[in-house]
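Q: Structure incoming, see below.
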Amino acid sequence: MQLCLQKIDEIKSSLSNYGLFAGKDFNFIFKYIYIFDFMRSTVLALLIFVILISFFSCQKELGVPVDPVNLPPGRLLVKVTGVKGDSSIITTYTYDALDRITSREVTQTYPKNTSINFRKYYRDISGRIFVIANILKNNSSVSDTLYTHVTYANSQSTIISHTITRIGVMGITATDSTVYTYNSDGNISSISSYLISNTQINSSILNSRCEYFYDSNTNLVEQKAFAYVGGNSVPVAAYKFLYDQNISPLPTGNEFILSKVEGNGSKNNLNSIEMTDVKNPVNNSVITRTYSLNKAGKPEKCYEKLSSDSSYTYSYFYQ
């Protein structure tokens, strides 16, 4: 039986070299059928022949590309490309064997500049992100790697308690400690960022805070940002988000706070983003999005229009 299995593997390997029945030439199959003469069973030989014909007749011809946007539902978003005139933005994602995000890279290209923001996500045995490595590149310059360490409420919980990021700028180091709170539905309701000087004792300072609000489908619909000056809270910006009823390309829930993925990690697609700059209203803006969908009901193309009359056209690729 072991010899039989070995020969079957040889058959499969040989057939693949023939282009999966390209040209419908089946004669070479019989050459391998004769290998099984030692079994002296015509029935077995015919059975193997039928199995091989059935197996390879289901395969695609070599050289025919797979349409990445027409794959069955549940496939993974691997790339988003955006183009605006002579500028472009490309976002790529990688995943582990359990379809969890392992990295995200954003490359922005302009006529005189290219920047890359790469994030690598390390997961514990439970699948939770526990370390994020972040590298920034701008033309030829490369930043030091920033490591963010994630702490959860307990060893089994997916509730993020806080994160710690050590920051170094021009020889001065500091630590950003971010604390998370949640609403009754288990969604992140606020994030408070504290800066801690590594050269001063008791130097923890509340630096900024964001508040988050959701609709009944757990999509993020509003975000408010505050800065702290002299211990006082000062409104900085506000964002409002509207969604359609179609399937988002990358729904991640609360994890989007860590992974910074497409579309707030929402269940549905972003239709519009309204940004209010509290200090400088001249910077207020509205972004609208219109989608075309693939056969799986996920975005294939997106036309994004900014209030400044500029626009991006995005393409989505899945696997």
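Q: Scan the stretch 154-177 for residues that are in a loop (DSSP other than H, G, I, E, B) and modelled with pLDDT of 80 or more and report the count.
A: Going residue by residue through the stretch 154-177, those that are in a loop (DSSP other than H, G, I, E, B) are 154-159, 170-171.
Cutting the leftovers down to modelled with pLDDT of 80 or more gives us 154-159.
Final tally of qualifying residues: 6.
Q: Only one of these is of a type in the set (Phe, Trp, Tyr), under 24 Å from SER204 (Cβ atoms) and assigned by TED's automatic domain parsing to the domain that holds SER193: TYR122, TYR152. Name it. Break it down into steps so the answer makes sense when it comes.
A: On the way: TYR122 fails: under 24 Å from SER204 (Cβ atoms).
Only one candidate passes the filter, namely TYR152.
The rows are residues; the columns are (1) in contact with an Asp or Glu (Cβ under 6 Å, 6 or more places away or on another chain); (2) on the phi > 0 side of the Ramachandran plot.
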| site | (1), (2) |
| --- | --- |
| ASN113 | no, no |
| PHE118 | yes, no |
| TYR122 | no, no |
| ILE129 | no, no |
| ALA133 | no, no |
| ASN139 | no, yes |
| SER143 | no, no |
| LEU146 | no, no |
| VAL150 | no, no |
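Q: List every residue pair whose Cβ atoms lie under 9 Å apart, where the two residues are 6 or more positions apart in sequence or sit on different chains, the first residue falls within the stretch 174-186 and is within 18 Å of ASN219 (Cα to Cα), and the second residue, located anywhere, is acidic (Asp, Glu).
A: Note: no pairs meet the criteria.
Q: Condition check: crowded, with 17+ Cβ neighbours inside 10 Å and in a strand (DSSP E or B). Does SER208 satisfy that? Please lay out each step first, then the result.
A: Details: crowded, with 17+ Cβ neighbours inside 10 Å: yes; in a strand (DSSP E or B): yes.
Answer is yes for this residue.
Q: Quick check: is even one residue across the stretch 233-253 of a type outside the set (Phe, Trp, Tyr), more than 27 Å from VAL83 (Cα to Cα), surrounded by fewer than 18 Cβ atoms within 10 Å (Cβ to Cβ) and under 18 Å from the mean Cα position of the chain (by Cα)?
A: Yes, that holds for at least one residue.
Q: Right, next: Looking at SER310, SER292, SER315 in this structure, which one is surrounded by 15 or more Cβ atoms within 10 Å (Cβ to Cβ), in contact with a Lys or Arg (Cβ under 7 Å, 6 or more places away or on another chain) and farther than 19 Å from VAL221 by Cα?
A: SER315
Q: Return the pair list, or none, for Cβ contacts closer than 7 Å from residues in the stretch 96-120 that are in a strand (DSSP E or B) to residues that are modelled with pLDDT of 90 or more and loosely packed, with under 13 Cβ neighbours inside 10 Å, at least 6 apart or on different chains.
A: THR102/ASP96
Q: List pairs: first residue in the stretch 262-275 and without any contact (Cβ under 8 Å) to a residue 60 or more places away in the chain, second residue among the acidic types (Asp, Glu) and part of a strand (DSSP E or B) anywhere in the structure, Cβ distance under 9 angstrom, at least six positions apart or on different chains.
A: Matching pairs, first to second residue: ASN268/ASP244; ASN269/ASP244; LEU270/ASP244; ASN271/ASP244.
Q: Shifting gears a bit: Which residues, taken from the stretch 285-302, are among the aliphatic types (A, V, I, L, M) and farther than 14 Å from LEU77 by Cβ?
A: Here is the first cut: in the stretch 285-302, the residues among the aliphatic types (A, V, I, L, M) are 286-287, 293, 296.
Selection gives VAL286, ILE287.
The values are calculated or read from the model by the stated rules, or taken from the named source; none is laboratory data. Computed from a predicted structure; not experimentally measured. No Cβ is skipped: glycine too gets one built from the backbone with ideal geometry, and neighbour counts run over all protein chains shown.
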